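S.K.: Please see the structure below; I have some questions.
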Amino acid sequence: MPTVSMTVNGKSVSGEVPANTLLVEFLRETLGLTGTHVGCDTSQCGACVVHVDGKAAKSCTRLAVQCEGAEVATIEGLANGADLHPMQEAFRENHGLQCGFCTPGMIMAAVDIANRHGGKVDEETIRHELDGNICRCTGYHNIVTAIAAGAAAMGK
Amino acid sequence: MSESGIGAPVRRTEDQRFVTGNGRYTDDINVAHQTYASFVLSPHAHAKIKSIDTKAAAAAPGVVAVFTGQDVADAGIGGLICGWTIHNKDGSPMQAGGHPALALDRVRYVGDHVAMVIAETLAQARAAAELVAVDYDILDSVVVTGKAKDKDAPQIHDEAPGNSVYDWAIGDKDAVDAAFKAADHVTSLDLVNNRLVPNPMEPRAAIGDFDPGTGGYTLHTTSQNPHVARLIMSAFLGLAPEHKLRVIAPDVGGGFGSKIFVYAEETLCVWAAGKIARPIKWTSSRADAFLNDAHGRDHETMAELALDKDGKMLAMRVKTVANLGAYLSTFSSAVPTYLYATLLSGQYNLPSIYCEVDAVYTNTAPVDAYRGAGRPEACYVVERLVETAARELNLDPIELRRRNFIAEFPHETPVIMTYDTGDFGASLDKALELGDYADFGKRKAASESGGKLRGIGFSTYIEACGIAPSAAVGSLGAGVGLWESAEVRVNPTGNVEVLTGSHSHGQGHETTFAQFTAARLGIPMDQVSVVHGDTDKVQFGMGTYGSRSGAVGMSAISKAVDKVIAKATKVAAHLLEASEGDIEFENGSFSVKGTDKSLAFGEVSLAAYVAHNMPEGVEPGLKEGAFYDPANFTFPAGCHICEVEIDPETGTTEIASWVAVDDFGTIINPMIVEGQVHGGIAQGVGQALTEGAVYDADTGQLLTGSFMDYCMPRADDLPSFTLGFTETVCPSNPIGVKGCGEAGAIAAPAAVINAVTDALNIKDIAMPASPATVWQAIQSSTKQAAE
């Protein structure tokens with residue numbers, strides 16, 4: 001079995017995994033980082049979104065070995081100790097989640113949207129950019145509000 | 001109102017763990033020495049099983065065990081059950097076929113469970129499942145609702161001749177027929193309520209574990225009602241006695257009904273864990289969820305509304321064929337009957353209603369409750385009929401509604417419901433104002449100048465929630481009562497645990513119930529925690545569905561809080577050397593009227609536990625339980641207005657605006673309630689515009705078996721919503737709440753289709769009104785106009 005090494009949430013990690021292990025499996029099963037979720041098997045739902053080298057990526061759609069040497073960030077690494085990241089705080093403050101299952105992927109995608117579009121990103125852009133994330137609970141209304149608020153807070 | 005009092009938009013307690021990735025869903029849990037299960041599913045819609053050869057699978061690397069239906073039958077494990085017996089028109093009970101957890105001699109839909117393979121790793125289990133050789137004799141299948149009872153349709157269960165599960169009726173047929181004869185106008189519609197796949201984002205999962213030391217089983221599962229699951233597994237399947245089976249439903253990622261039911265997989269994980277004396281983990285793939293999670297809706301209906309020349313409604317006549325799939329799921333039989341036809345009066349004074357429902361077996365996944373469960377289907381029939389009648393009579397749809405609104409309460413409908421309270425005109429008025437109805441003409445003209453077609457649709461819905469009075473549902477065939485339980489445990493230091501039989505899988509009970517309890521006890525909210533979802537911790541409860549947790553679950557908490565306050569008052573009076581009648585309890589303090597003598601809630605609870613100085617005959621401690629059985633259903637109602645803008649070139653429908661004004665009675669946390677409405681509307685818009693489960697009519701294969709084929713609404717399919725509330729306090733429970741979980745899903749489909757048909761100036765269009773369907777409708781109506 002190949003050994004894979006990468007940086008996850010700022011820590012160097014490595015593990016011996018079958019070559020066909022997906023990044024999400026490596027995170028959940030090998031590292032025990034179960035905040036990243038699997039909601040489908042066709043790369044449609046976005047519950048598994050993490051950041052790979054600073055960009056949003058669906059961790060169900062790449063192999064762990066493809067991430068050799070990469071910098072991976074998951075939902076568990078977003079907060080600064082007890083202080084929530086502005087996007088996490090915005091989701092909490094704006095009721096941008098209900099069951100919480102899509103939430104880690106939503107927040108990671110949202111941070112990426114904010115990184116790319118800045119603090120004044122508008123509703124239409126947010127809705128369009130959420131193309132790769134499905135939520136079944138919220139009807140997206142409060143997610144969109146949360147992302148706008150989170151992006152604005154990140155811009156400060 | 002304090003920052004966390006009743007009516008305050010308190011931010012959710014549970015969110016801290018969810019936004020940081022610290023939620024604990026079933027698939028996040030691993031048990032030492034666990035094995036993994038994979039199921040062999042039928043690739044055929046209908047087939048005889050000639051033989052199953054498991055030798056190669058059993059010999060594959062890592063395989064621990066392989067089980068077939070015969071193994072389960074030999075162990076004396078019972079089949080999956082339907083807990084509600086519906087009676088035919090002639091009074092005989094429904095015709096129900098058996099549902100073995102693993103098929104014995106026949107498979108009846110694509111996805112039917114055939115064998116269970118257990119291995120050391122998931123990859124090994126899946127690989128070995130491929131090696132199970134099943135020899136099938138393929139039979140003809142039927143998947144289309146309206147064809148199930150055709151003479152040449154294949155027979156699916158021997159017990160159900162002609163694939164009829166039941167033929168049921170409600171109402172006074174003779175009165176309805178007479179009213180139709182005398183009517184000035186009859187509006188008729190043939191409606192299909194499209195089949196939906198619930199698709200909570202968390203796929204179902206289960207971990208079965210057996211402790212040989214105690215003989216006890218533990219099941220972690222994605223359930224909306226862990227106690228009911230335990231009861232069914234124990235009493236009907238015979239897996240283990242209730243006191244030897246612990247069912248834990250930890251964080252659950254959405255349910256929408258589909259996680260109420262007891263399925264084959266979790267049942268088999270419990271049973272097989274005992275057989276191999278090791279834990280077994282199973283997590284559904286999304287593909288398997290499409291095949292095997294109970295689907296929703298799937299009605300074919302002929303509906304007629306009789307009116308007089310002034311637009312006064314005289315009678316309604318409805319004939320529905322309801323598809324229940326290949327097996328009767330846990331509560332399936334009740335959905336197209338008592339949760340559907342009993343709501344056909346809508347918000348209207350209808351002197352007589354008659355509804356016949358034929359429920360049928362088909363070679364499709366079982367159909368059961370999905371958000372709204374019967375009530376969206378009823379609302380669709382009523383509100384499509386009303387809007388269509390208004391157009392046919394050249395009346396404003398608002399005016400036709402107003403002429404027929406029920407205005408006096410209580411109101412007994414011709415379909416066994418007694419509406420307790422409401423103000424339908426108030427929610428309509430507020431919605432018209434919020435939606436700026438007066439200027440709709442200007443908006444329509446603006447759309448037209450941009451080459452778009454604009455339409456407006458109304459849905460003045462009512463639903464029956466707070467499910468349900470036990471004696472009433474018992475008289476209608478339910479196998480259980482539908483009360484709820486609570487226990488309020490005050491600890492010596494004055495903080496409180498609320499144990500509820502309700503289950504939260506996104507609804508925010510940890511916040512709402514704590515908010516309610518803290519307000520009643522006058523203590524800070526962070527002094528209250530809510531415990532649910534574990535049969536070893538929580539007393540028996542009925543779970544969460546049918547918008548019942550506020551009205552029924554929280555009412556049980558309210559009763560238990562009353563008892564806590566009553567006992568604490570006795571203790572406080574004793575300590576303060578006052579008579580009980582002189583004690584006032586306010587803001588967390590017991591005081592003697594007219595004096596400055598008082599004790600804080602925490603001081604009284606400590607005294608109750610220390611028990612050095614208790615009143616005569618009062619037991620130590622401060623912990624009270626309550627069971628609350630509702631006196632009636634609750635009746636949330638309101639008005640949703642949808643405006644659409646359609647591009648005639650592409651057939652694309654955009655929701656241009658959405659106004660919802662709902663009357664949910666007393667609201668504890670408006671932020672959470674608004675979130676529930678948003679989500680419900682989104683699912684209703686999904687039904688109307690994007691979603692539909694389709695089986696191939698020849699092969700019975702599910703054609704919409706992934707998120708690539710089944711169109712879930714995404715952020716850019718939906719608008720931001722404008723919400724408002726009116727309030728008539730529910731008289732039948734101590735809090736005055738009605739329930740809010742399903743309203744949006746109930747109201748929305750009719751509002752959307754009323755708007756689309758208005759925009760296109762056509763009588764009807766099928767759901768989902770996808771761009772292709774809308775474009776075709778535009779082409780046919782243009783062609784008709786040309787001819």
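S.K.: Dipole magnitude of the range A:3-77 about its Cα centre, charges +1 at Lys/Arg Cβ and -1 at Asp/Glu Cβ only, in debye to the nearest 20? Working shown, then result.
M.R.: Working: 5 positive and 8 negative charges, 33 e Å.
The dipole of the range A:3-77 has a size of about 160 debye.
S.K.: Shape call for the range B:432-500 from the C-alpha gyration tensor, a ≥ b ≥ c root eigenvalues: rounded (a/c under 1.5), prolate (a/b greater than b/c) or oblate? Write out the running numbers ahead of the final one.
M.R.: Details: a/c = 5.24, a/b = 2.15, b/c = 2.44.
In terms of gyration-tensor shape, oblate.
S.K.: Going by how many other Cβ atoms sit within 10 Å of their own, how do A:H128, B:H640, B:H532 line up, fewest first?
M.R.: Details: A:H128 13, B:H640 34, B:H532 24.
Going from sparsest to densest Cβ surroundings: A:H128, B:H532, B:H640.
S.K.: Shape call for the range B:440-599 from the C-alpha gyration tensor, a ≥ b ≥ c root eigenvalues: rounded (a/c under 1.5), prolate (a/b greater than b/c) or oblate? Please report the intermediate quantities before stating the final value.
M.R.: Details: a/c = 2.79, a/b = 1.82, b/c = 1.53.
Taking the square roots of the gyration eigenvalues as a ≥ b ≥ c, the range B:440-599 is prolate.
S.K.: Can you compute 3J(HN,Hα) from phi for each residue in the range B:747-763, using the Karplus curve 6.51 cos²θ - 1.76 cosθ + 1.60 with θ = phi - 60°, rounded to whole Hz and x for Gly and Pro?
M.R.: Per-residue couplings from phi come out as 6, 5, x, 5, 4, 5, 5, 4, 6, 5, 5, 5, 4, 8, 6, 10, 6 Hz.
S.K.: Quick one: length gained pulling B:S92 to B:Q779 fully straight, 0.36 nm per residue minus the C-alpha distance? Write down the numbers at each step before the final one.
M.R.: On the way: separation 687, 0.36 × 687 = 247.32 nm, distance 4.88 nm.
Here the segment from B:S92 to B:Q779 would lengthen by 242.4 nm.
S.K.: Between Rg and the Kirkwood Rh of the range B:14-115, both from Cα atoms, what is the Rg to Rh ratio?
M.R.: Values: Rg = 19.5 Å, Rh = 17.4 Å.
Rg divided by Rh gives 1.12.
S.K.: Along each of the three principal axes of the Cα atoms of chain B, give the extent in whole Å, ordering the values from largest to smallest.
M.R.: Computed over chain B, the largest-to-smallest principal extents equal 93, 73, 52 Å.
S.K.: Set Lys and Arg Cβ to +1 and Asp and Glu Cβ to -1, take the dipole of the range B:483-628 about its Cα centre, and tell me which of B:M525, B:I583, B:F627 lies farthest positive.
M.R.: B:F627
S.K.: Could you work out the relative contact order of the range B:614-690, using alpha carbon pairs under 8 angstrom and six or more residues apart, expressed as a whole percent? Mind showing how you got there, number by number?
M.R.: Numbers: 46 pairs, mean separation 16.9, N = 77.
It rounds to 22 percent for the range B:614-690.
S.K.: Ok, one more. Straight distance only, please: which lysines reach the Cα of B:K309 with their own Cα at less than 16 Å, same-chain residues fewer than 8 apart left out?
M.R.: Candidates past the 8-residue exclusion: B:K181.
S.K.: Just tell me how shielded B:674-680 is by partners: mean number of partner chain Cβ atoms within 10 Å of each residue's Cβ, no decimals. Display every interim value, and only then the final one.
M.R.: Values: counts 4, 10, 4, 2, 9, 10, 2.
Taking all residues of B:674-680 together, the mean is 6.
S.K.: Fewest first, what order do B:V496, A:V50 take by the number of other Cβ atoms within 10 Å? Please report the intermediate quantities before stating the final value.
M.R.: Numbers: B:V496 23, A:V50 30.
In order of increasing Cβ crowding within 10 Å: B:V496, A:V50.
S.K.: If you count, for every residue in B:716-727, the Cβ atoms of partner chains within 10 Å of its Cβ, what is the mean? Display every interim value, and only then the final one.
M.R.: Working: counts 9, 2, 5, 6, 8, 4, 0, 1, 0, 0, 0, 0.
Average per residue, whole number: 3.
S.K.: Which Rg and Dmax, in Å, describe the Cα atoms of the range A:3-77?
M.R.: 10.8, 30
S.K.: Rounded if a/c is under 1.5, else prolate if a/b is larger than b/c, else oblate: which is the protein assembly as shown, with a ≥ b ≥ c the root eigenvalues of its Cα gyration tensor?
M.R.: Working: a/c = 1.25, a/b = 1.05, b/c = 1.19.
Rounded is the answer for the protein assembly as shown, as its axis ratio a/c remains below 1.5.
S.K.: Put +1 on the Cβ of every Lys and Arg and -1 on every Asp and Glu Cβ in the range A:86-155; which of A:L97, A:M154, A:I113 then has its Cα farthest towards the positive end of the dipole?
M.R.: So the residue furthest toward the plus end is A:L97.
S.K.: With just the Cα atoms of chain A, tell me how far they stretch along each of the three principal axes, in Å, largest first.
M.R.: 46, 31, 24
S.K.: Using a 10 Å cut-off on Cβ to Cβ distances, tally the other chain neighbours for every residue of A:31-41 and report the average as a whole number. If you can, show how the numbers build up before the last one.
M.R.: On the way: counts 0, 2, 2, 9, 8, 1, 9, 7, 10, 12, 8.
Average neighbour count from other chains, rounded to a whole number: 6.
S.K.: On to the next question. For the range B:402-449, which GluC sites (Glu not before Pro) pass both filters: DSSP loop (anything but H, G, I, E, B) and at most 14 other C-beta atoms within 10 Å? Walk me through the intermediate numbers first.
M.R.: Values: sites: B:E408, B:E412, B:E433, B:E448; in loops: B:E408.
When the GluC sites (Glu not before Pro) of the range B:402-449 are filtered for loop state and at most 14 Cβ neighbours within 10 Å, B:E408 remain.
S.K.: Given the peptides B:574-580, B:511-517, B:167-173, B:359-365, arrange them by the average over their residues of other C-beta atoms within 10 Å, most packed first. Kindly include the intermediate steps, with their values, before the conclusion.
M.R.: Numbers: B:574-580: 14.6, B:511-517: 26.1, B:167-173: 19.1, B:359-365: 28.6.
Highest to lowest by the protection proxy: B:359-365, B:511-517, B:167-173, B:574-580.
S.K.: Given contacts defined as C-alpha pairs under 8 Å and at least six residues apart, what's the relative contact order of the range A:3-77, whole-number percent?
M.R.: Numbers: 141 pairs, mean separation 30.5, N = 75.
This gives 41 percent for the range A:3-77.
S.K.: Now for a different question. I need B:Y380, B:Y36 ordered by Cβ neighbour count within 10 Å, fewest first. Please list the in-between numbers first.
M.R.: Values: B:Y380 34, B:Y36 21.
Taking fewest neighbouring Cβ atoms as first place, the list is B:Y36, B:Y380.
S.K.: Continuing with the same structure: Give me, ordered by chain and number, the residues 5 or more places off A:G46 or on other chains with an amide H under 5 Å from its own placed amide H.
M.R.: A:I134
Every number in this text was worked out from the coordinates using simple rules, so none of it is lab data. Predicted, not measured: the structure shown is a model, and the values here were computed from it. In this analysis, Cβ positions are derived from the backbone assuming ideal geometry, glycine residues included, and neighbour counts consider all displayed protein chains.
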